[in-house]
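Right, one structure below, let's go through it.
The values are calculated or read from the model by the stated rules, or taken from the named source; none is laboratory data. These figures come from a predicted structure and were not determined experimentally. Virtual Cβ from ideal backbone geometry, glycine too; neighbours counted across all protein chains shown.
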Amino acid sequence: MRIGIDLDDVLGDHMGQFIIFHNRSYKTTLERKDFTSFNLSKSLELPMEETRRHLEEFYKSPEFFGTPPMNGSVEAIEILAQKYKLVVITSRPKEQAKDTIDWLDRYFPNKFSDFYLLGNQESYSQKKKAHICIYDGISLLIEDSLENAQDCSTGTRVILYDAPWNQSENLPQMVHRAYSWGDILKMIGSKSIFCIKR
Ligand SMILES: [Mg+2]
């Protein structure tokens, strides 16, 4: 089985670091719960152009380079890599390729068999992840974007890593919400995610 795994806010605590960066640089008092939309511009209540500028600055900041892995992700990937082919699928900008690979090598050396970097937010189409999943024979995607999860779920099982920005009253049959990497391991181990929800 091939498992596709998103990077930001699934493998690494991207948002935690972005909040620290933003509060330091712009004297804001943002908290994780304020990010109720996957669209940063909406959550920050800033125009797209300004949001993009903040994001570009973040990618050069000490906070970005100090991004820690999400709680339990290193241990969970260690376990999953023994049994499955793991593939990173991220929508990070192409300019971040080297820093992203360096970060993966630091925390997850030799754990991933493939790596897809799908481009920046501006040109990023939600469809891309769904296409990659089908093209690459991904059986399961672990993701924190509700939109990506919904889009991919027409052909791929998805574990949605819970976050303030992916809340929804209803999830498609193929999408299962997890609250931690421990949850994810249990779901995969028990194969419960492959049972049809009723
Ligand atoms: Mg993500």
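Within the stretch 1-50, the set of residues being more than 15 Å from the chain's Cα centre (by Cα), under 17 Å from E147 (Cβ atoms) and part of a helix (DSSP H, G or I) comprises S41, K42, S43, M48. For the stretch 60-71, name all the residues that are surrounded by fewer than 18 Cβ atoms within 10 Å (Cβ to Cβ) and within 16 Å of the ligand (Cβ to nearest atom). Residues satisfying the conditions are P68, N71. The sole residue among Y84, Y135, Y107, Y116 that is among the aromatic types (F, W, Y) and surrounded by fewer than 13 Cβ atoms within 10 Å (Cβ to Cβ) is Y135.
Which residues, counting only those in the stretch 52-96, are part of a helix (DSSP H, G or I) and either polar (S, T, N, Q) or on the phi > 0 side of the Ramachandran plot (or both)?
Residues satisfying the conditions are S73, Q96.
If I filter the stretch 1-18 for residues that are within 16 Å of the ligand (Cβ to nearest atom) and farther than 26 Å from V175 by Cβ, do I get at least one hit? Yes, there is a match, as at least one residue in the stretch 1-18 is within 16 Å of the ligand (Cβ to nearest atom) and farther than 26 Å from V175 by Cβ. I'm checking my understanding of the structure. Among residues of the stretch 138-156 that are away from the ligand (no atom under 14 Å from the Cβ) and of a type in the set (S, T, Y), which one is surrounded by the most Cβ atoms within 10 Å (Cβ to Cβ)? So the residue we want is T156. Screening S168, S125 for residues that are of a type in the set (S, T, N, Q) and at pLDDT 95 or above leaves exactly one candidate, S168. Taking the criterion of being over 21 Å from G189 (Cα atoms) and away from the ligand (no atom under 16 Å from the Cβ), the residues of the stretch 79-98 that qualify are K94, E95, A97, K98.
Restricting attention to the stretch 157-198 and to residues that are among the small types (G, A, S) and in a loop (DSSP other than H, G, I, E, B), the residue that is farthest from E143 (Cα to Cα) turns out to be S168. Test R106 against the stated conditions and say whether it is away from the ligand (no atom under 16 Å from the Cβ) and in contact with an Asp or Glu (Cβ under 9 Å, 6 or more places away or on another chain). Considered against the rule, which asks whether it is away from the ligand (no atom under 16 Å from the Cβ) and in contact with an Asp or Glu (Cβ under 9 Å, 6 or more places away or on another chain), R106 comes out as no. Of all residue pairs spaced 6 or more apart or on separate chains, those with beta-carbon atoms under 6 Å, a first member in the stretch 175-194 that is of a type in the set (V, I, T) and a second member that is surrounded by 15 or more Cβ atoms within 10 Å (Cβ to Cβ) and part of a helix (DSSP H, G or I) are V175/A149; I193/M187.
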